[in-house]
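S.K.: First, the structure itself, so that you have it in front of you.
The values are calculated or read from the model by the stated rules, or taken from the named source; none is laboratory data. It should be emphasised that the depicted structure is a prediction, and the values quoted were computed from it without experimental measurement. Glycine gets a Cβ as well: all are built from the backbone with ideal geometry, and neighbour counts include every protein chain shown. The area values use the complete protein model at the heavy-atom level, side chains included, leaving out ligands, DNA and RNA. Shrake-Rupley method; radii C 1.70, N 1.55, O 1.52, S 1.80 Å.
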Amino acid sequence: MSDPTDGPAPEPTAPAHPVNGLDDVVHQRVRLGILTITHEARRVEFGYLRTHLELTAGNLSQHLGVLETAGLIEVEKGYAGRRGRTWITLTAAGNAALADEIARLKLLITRVETASGQ
(Lines give C-alpha, C1' and ligand atoms only; values in the text may rest on other atoms or scores of the structure.)
Protein backbone atom coordinates (compact mmCIF):
# COMPACT_ATOMS: atom_id res chain seq x y z
CA MET A 1 0.00 0.00 0.00
CA SER A 2 1.38 3.42 -0.86
CA ASP A 3 1.71 6.24 1.57
CA PRO A 4 -0.88 9.01 0.84
CA THR A 5 1.87 11.58 1.29
CA ASP A 6 3.76 10.08 -1.66
CA GLY A 7 3.33 11.75 -4.95
CA PRO A 8 4.40 14.89 -6.64
CA ALA A 9 5.36 17.81 -4.47
CA PRO A 10 2.76 20.54 -4.44
CA GLU A 11 3.48 23.32 -6.88
CA PRO A 12 4.48 26.59 -5.28
CA THR A 13 1.58 28.97 -5.16
CA ALA A 14 1.76 32.50 -6.39
CA PRO A 15 1.43 35.14 -3.70
CA ALA A 16 -2.17 36.10 -3.11
CA HIS A 17 -3.32 39.31 -4.70
CA PRO A 18 -3.24 42.15 -2.13
CA VAL A 19 -6.97 42.72 -2.55
CA ASN A 20 -7.60 39.30 -0.97
CA GLY A 21 -6.26 40.56 2.34
CA LEU A 22 -8.47 43.63 2.62
CA ASP A 23 -10.60 43.39 5.74
CA ASP A 24 -14.27 44.04 4.99
CA VAL A 25 -14.82 45.43 8.48
CA VAL A 26 -12.01 47.97 8.04
CA HIS A 27 -12.24 48.63 4.32
CA GLN A 28 -15.81 49.93 4.29
CA ARG A 29 -15.59 53.68 3.53
CA VAL A 30 -17.16 55.01 6.74
CA ARG A 31 -15.33 52.58 9.03
CA LEU A 32 -12.01 53.33 7.34
CA GLY A 33 -12.75 57.01 7.91
CA ILE A 34 -13.55 56.40 11.58
CA LEU A 35 -10.33 54.45 12.11
CA THR A 36 -8.22 57.00 10.24
CA ILE A 37 -9.61 60.06 12.03
CA THR A 38 -9.40 58.32 15.40
CA HIS A 39 -5.81 57.29 14.71
CA GLU A 40 -4.90 60.89 13.85
CA ALA A 41 -6.63 62.34 16.90
CA ARG A 42 -5.85 59.51 19.38
CA ARG A 43 -9.25 60.18 20.98
CA VAL A 44 -12.17 61.65 19.09
CA GLU A 45 -15.64 62.82 20.08
CA PHE A 46 -18.73 61.33 18.44
CA GLY A 47 -19.97 64.70 17.15
CA TYR A 48 -16.65 65.41 15.45
CA LEU A 49 -16.84 62.10 13.57
CA ARG A 50 -20.48 62.67 12.67
CA THR A 51 -19.76 66.11 11.25
CA HIS A 52 -16.56 65.27 9.37
CA LEU A 53 -17.85 62.01 7.90
CA GLU A 54 -21.22 63.65 7.09
CA LEU A 55 -23.29 60.95 8.79
CA THR A 56 -26.46 60.80 10.80
CA ALA A 57 -26.03 59.90 14.46
CA GLY A 58 -27.79 56.57 13.90
CA ASN A 59 -25.61 55.63 10.95
CA LEU A 60 -22.43 56.50 12.83
CA SER A 61 -23.62 54.53 15.85
CA GLN A 62 -24.12 51.42 13.71
CA HIS A 63 -20.61 51.65 12.26
CA LEU A 64 -19.12 52.24 15.70
CA GLY A 65 -20.96 49.15 16.92
CA VAL A 66 -19.39 47.02 14.19
CA LEU A 67 -15.90 48.33 15.02
CA GLU A 68 -16.43 47.91 18.76
CA THR A 69 -17.71 44.34 18.34
CA ALA A 70 -14.62 43.56 16.23
CA GLY A 71 -12.44 44.90 19.07
CA LEU A 72 -10.97 47.71 16.94
CA ILE A 73 -12.23 50.66 19.01
CA GLU A 74 -13.27 51.46 22.54
CA VAL A 75 -16.28 53.67 23.19
CA GLU A 76 -16.31 55.74 26.36
CA LYS A 77 -19.38 57.63 27.52
CA GLY A 78 -19.17 60.50 29.94
CA TYR A 79 -19.92 64.16 30.44
CA ALA A 80 -18.33 67.44 29.48
CA GLY A 81 -20.04 69.81 31.85
CA ARG A 82 -23.72 68.85 31.76
CA ARG A 83 -23.68 67.48 28.24
CA GLY A 84 -23.33 63.79 27.56
CA ARG A 85 -20.34 62.93 25.36
CA THR A 86 -19.07 59.83 23.63
CA TRP A 87 -15.37 59.43 22.89
CA ILE A 88 -13.78 56.86 20.63
CA THR A 89 -10.23 55.51 20.85
CA LEU A 90 -8.44 52.83 18.84
CA THR A 91 -7.41 49.60 20.50
CA ALA A 92 -4.06 47.94 19.74
CA ALA A 93 -5.98 45.62 17.40
CA GLY A 94 -7.52 48.67 15.71
CA ASN A 95 -4.11 50.23 15.14
CA ALA A 96 -2.81 46.95 13.72
CA ALA A 97 -5.86 46.48 11.45
CA LEU A 98 -5.54 50.04 10.11
CA ALA A 99 -1.80 49.60 9.48
CA ASP A 100 -2.44 46.32 7.64
CA GLU A 101 -5.17 47.90 5.52
CA ILE A 102 -2.94 50.84 4.58
CA ALA A 103 -0.07 48.46 3.69
CA ARG A 104 -2.34 46.43 1.41
CA LEU A 105 -3.69 49.58 -0.24
CA LYS A 106 -0.11 50.72 -0.89
CA LEU A 107 0.62 47.35 -2.53
CA LEU A 108 -2.43 47.80 -4.76
CA ILE A 109 -1.35 51.31 -5.71
CA THR A 110 2.15 50.06 -6.54
CA ARG A 111 0.72 47.30 -8.76
CA VAL A 112 -1.50 49.76 -10.64
CA GLU A 113 1.31 52.28 -11.10
CA THR A 114 3.73 49.57 -12.24
CA ALA A 115 1.20 48.13 -14.71
CA SER A 116 0.49 51.54 -16.22
CA GLY A 117 4.18 52.48 -16.41
CA GLN A 118 4.02 55.48 -14.08
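S.K.: Using the Kirkwood radius over C-alpha pairs as Rh, can you work out the diffusion coefficient of region 43-87 via Stokes-Einstein at 25 °C, viscosity 0.890 mPa s, in µm² per second?
M.R.: Values: Rh = 11.0 Å.
In µm²/s, the coefficient is 223.
S.K.: If you fit an axis through the alpha-carbon atoms of helix 57-69 and take the longest principal axis of the Cα set of the chain, what angle between them do you get, 0 to 90°, nearest 10?
M.R.: 50 degrees
S.K.: Tell me, what is the percent relative contact order of the chain, built from C-alpha pairs under 8 Å that lie six or more residues apart?
M.R.: On the way: 103 pairs, mean separation 34.7, N = 118.
Here the relative contact order equals 29 percent.
S.K.: Which angle from 0 to 90°, rounded to the nearest 10, does the C-alpha axis of helix 29-41 make with the longest principal axis of the chain?
M.R.: 70 degrees
S.K.: Using only the Cα atoms, what convex hull volume per residue in Å³ does the chain have? Don't skip to the end; give the middle numbers.
M.R.: Details: hull volume 19.3 nm³, N = 118.
With only Cα atoms used, the chain gives 163 Å³ per residue.
S.K.: Solvent-accessible area of SER61, probe 1.4 Å, all protein chains present, reported in Å² to the nearest ten, please.
M.R.: Accessible area of SER61: about 60 Å².
S.K.: Another one. How high is the FRET efficiency between LEU53 and THR114 when r is their beta carbon distance and R₀ equals 35 Å, given to the nearest 0.05?
M.R.: 0.60
S.K.: A further question follows. Tell me the mean residue ellipticity at 222 nm calculated for the chain from its helices only (DSSP H runs of n ≥ 4, each -39500 (n - 2.57), averaged over every residue, nearest 500).
M.R.: On the way: 5 runs with 61 residues, N = 118.
Roughly -16000 deg cm²/dmol at 222 nm, from the helical runs in the chain.
S.K.: May I pose another question? Suppose the chain between ARG43 and ARG83 were pulled fully straight at 0.36 nm per residue; how much longer would it get relative to their current alpha carbon spacing? Spell out each step's value before the answer.
M.R.: Values: separation 40, 0.36 × 40 = 14.40 nm, distance 1.77 nm.
Between ARG43 and ARG83, full extension yields an extra 12.6 nm.
S.K.: What's the ranking of 72-85, 16-29 by average number of surrounding C-beta atoms within 10 Å, highest first?
M.R.: Values: 72-85: 11.7, 16-29: 13.3.
Result, highest mean first: 16-29, 72-85.
S.K.: ARG85's amide H: which non-local residues (gap 5+, or another chain) put their own amide H closer than 5 Å, with H modeled 1.01 Å from N in plane and none for Pro or chain starts?
M.R.: GLY78, TYR79, ALA80
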